[in-house]
Amino acid sequence: MTITPANEPAAASRPAIDRAVLGILADAEPLELAAPRIVASVGVEIGWHAASLLLVGEGAQMLHAAATWHAPTIEGGEFGRQTTQIRFGRGVGLPGRVWDSGQPQWIPDLTDDPNFPRSAAAAKAGLHAGCGVPLPGRASVVGVLEIFHREVLDPQPEVIDTLACVAPEIGAYIERQQAEQALRRSEELRAAILESAFDAVIGMDHEGRVIEFNRTAERMFGYDRADAIGARLAELVIPPRLRERHHRGVARYVATGEGLLVGRGPVELTAMRADGSEFPVELVLTRIGDSDPPAISAAVRDISERKRADQRATRLAAIVESTHDAIVVADPDGTIVIWNRGAQRMYGHTAQEAIGRPMSLIVPPERVDEIAALEQAVRRGERVESHETQRLHKDGSRVDVSLTLSPISDAGGSFDGIAGIARDIRGQKRTESILRFLADAGVALETSNDLEVTLQQVAELAVPFVGDGCMVDLRDEAGGLHRMGAASVAPAFEPVLKRLQQHAFNPEGQHPIARAARSGTLQVVDEFSDDLLRDIAEGDNEYLTALRDWPATAAVVAPLVAHGRILGTIAVASFSRERTFDQQQIWLIEELARRVSTAVDNARLYSERSTATAGTDDR
């Protein structure tokens with residue numbers, strides 16, 4: 001038996017999924033941080049109950065899970081653990097089939113599929129339908145995104161199309177992250193090799209012939225010592241265009257004892273290897289003893305890496321200034337010495353205002369003991385990673401941050417300060433709060449058999465998380481509206497709510513609730529002007545007084561729609577100019593309305609079936 005879920009088509013969630021996923025990718029977080037957010041966003045936005053992101057790895061022979069998610073309403077722990085533990089080869093299970101075919105795959109019922117290794121765990125979690133799409137890279141599939149639903153479902157093109165729209169962006173992001181990781185590993189290996197090298201030492205007589213050539217010189221220039229001894233130095237290590245100048249310098253030094261930069265400290269020059277390639281070196285020339293004619297020793301250091309390091313340092317300085325993360329460095333006394341633009345954006349203080357001030361500038365008074373403990377840990381050489389806390393903005397507000405602290409050591413290895421990187425996680429905290437709110441609303445909608453009690457609970461949940469006031473109204477068969485739930489942020493407004501409830505809506509009137517119930521479209525009111533209140537009251541002065549007493553400054557009214565039927569509305573109001581409804585809040589109200597619509601529709605279907613069954617029993 002195939003059951004079609006009673007939610008909105010997945011295509012309706014496509015813009016929201018695009019925004020959510022692209023917003024995560026735009027944060028440019030490491031893959032291990034972004035992957036859990038991606039699967040959670042996809043699962044929540046599309047309205048399914050579990051999701052996984054798997055990557056091609058192990059020499060391109062196996063798929064392994066990078067992140068899993070399941071809705072709070074299911075017991076998905078074991079299913080998630082198996083997803084994480086199993087390695088999927090080509091053609092094995094849902095992700096293996098997607099990988100092998102390079103095309104989306106759909107399983108109507110996981111528990112009946114012989115090629116689904118996690119079927120027992122899926123049954124335990126109550127999961128049935130599964131859908132997977134490939135995550136394409138430039139040359140091949142780099143991963144698989146899979147989602148699961150509690151119902152048995154035939155293939156739904158809207159769901160597949162919605163996932164396929166974001167799959168290329170996720171694939172490109174994964175490929176870019178993996179390339180950056182490989183580049184970092186390559187740079188670290190190259191740096192380790194270069195750090196183990198010693199200076200090259202070359203001896204030269206008054207005729208410019210090599211009399212000493214150590215092993216480091218062999219490695220640096222590409223000549224064996226036996227071949228180098230007795231050869232003219234200029235022909236070995238000096239580019240042709242510079243050789244004449246070198247010969248003149250040697251002749252002058254032999255004749256006068258001046259020139260060749262002998263004894264002047266390190267100078268930067270260009271050297272040449274055996275293969276003709278050129279590279280920058282740092283050179284120190286020293287006369288060997290008092291021999292006459294003179295002999296010279298040259299200590300040569302390949303500074304190619306230093307030049308690259310200087311370039312990297314320049315780029316790093318640009319990154320430090322351009323990153324959205326706050327980067328703050330303090331000296332051993334806790335005085336701020338580095339403050340980037342990200343810190344200015346996050347905390348409100350300019351660099352001129354912050355540098356030279358103590359770190360307590362951005363620490364809330366109630367967290368002084370916490371920061372002292374963190375500083376002690378760093379002084380012991382420990383690294384503090386992803387510590388979630390709060391910091392103080394210039395305007396006195398609190399900023400939720402994820403903080404990483406690292407010790408800085410001087411050349412002798414002694415503690416020389418603290419480097420801190422803070423990431424603003426207010427958006428993440430907001431997302432977590434939204435998920436908890438929707439989970440609580442889901443519990444309220446699923447656990448009560450009394451529709452009026454349920455809708456009253458929903459209204460009370462919405463205040464103050466979504467708005468300062470909330471009203472839930474249902475339509476009857478004649479088009480009239482009946483208040484089923486209402487709540488406000490303060491008990492003082494409860495009498496006003498009751499007075500408003502005593503006035504019946506004109507279904508054809510200008511009240512935003514009536515317009516939403518009539519048209520089935522979202523209504524956003526940015527301001528309740530007196531003219532609008534008069535239009536709503538339609539000449540009823542008592543009703544106008546009640547409307548004026550209701551302190552709404554703005555409102556969003558979402559229709560409750562299921563299967564094309566307008567069931568009613570849910571209205572959320574703000575009581576202050578500071579609280580406005582942005583796109584995220586409007587989306588949340590619409591999502592709440594969608595869930596309430598499903599619950600109301602299910603309750604009515606259950607009531608109708610119960611009535612029909614009772615009628616059959618009577619006969």
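The figures follow:
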read-out	value
Radius 15 Å from Cβ of G126, net charge of other residues (Lys, Arg +1; Asp, Glu -1)	-3
Probe 1.4 Å - accessible area at I160, Å² to nearest ten	40
Accessible carbon and sulfur surface of segment 282-422 relative to its total accessible area, %, 1.4 Å	52
Helix runs (DSSP H) in the chain reaching 18 Å along axis by Cα, Kyte-Doolittle at least 0.5	31-46, 451-465
Estimated inter-spin distance, N506 and A164, nm [label 7 Å along Cα→Cβ]	5.0
Cβ-Cβ FRET estimate between K124 and D549, R0 fixed at 56 Å, reported to 0.05	0.55
Qualifying GluC sites (Glu not before Pro) for segment 531-606 [loop in DSSP, other Cβ within 10 Å: at most 16]	E538, E578
Solvent accessible area, Å² - H70, 1.4 Å probe, full protein context	70
Efficiency of FRET between D531 and D27 - r from beta-carbon atoms, R0 41 angstrom, step 0.05	0.40
Nitroxide proxy distance, nm - points 7 Å out along Cα→Cβ at H387 and R184	2.1
Estimated FRET transfer efficiency when R0 is 30 angstrom, pair S519-R436 (beta carbons, to 0.05)	0.40
Additional length obtainable on full extension of the chain from D540 to Y606, 0.36 nm per residue less Cα span	19.8 nm
Two-site label geometry, H324 and D112: point separation in nm, points 7 Å out along Cα→Cβ	4.6
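The values are calculated or read from the model by the stated rules, or taken from the named source; none is laboratory data. Owing to the predicted nature of the structure, the values given are computational and were not obtained by experimental measurement. In this analysis, Cβ positions are derived from the backbone assuming ideal geometry, glycine residues included, and neighbour counts consider all displayed protein chains. Accessible surface areas use protein heavy atoms only, side chains included; no ligands, DNA or RNA. Shrake-Rupley method; radii C 1.70, N 1.55, O 1.52, S 1.80 Å.
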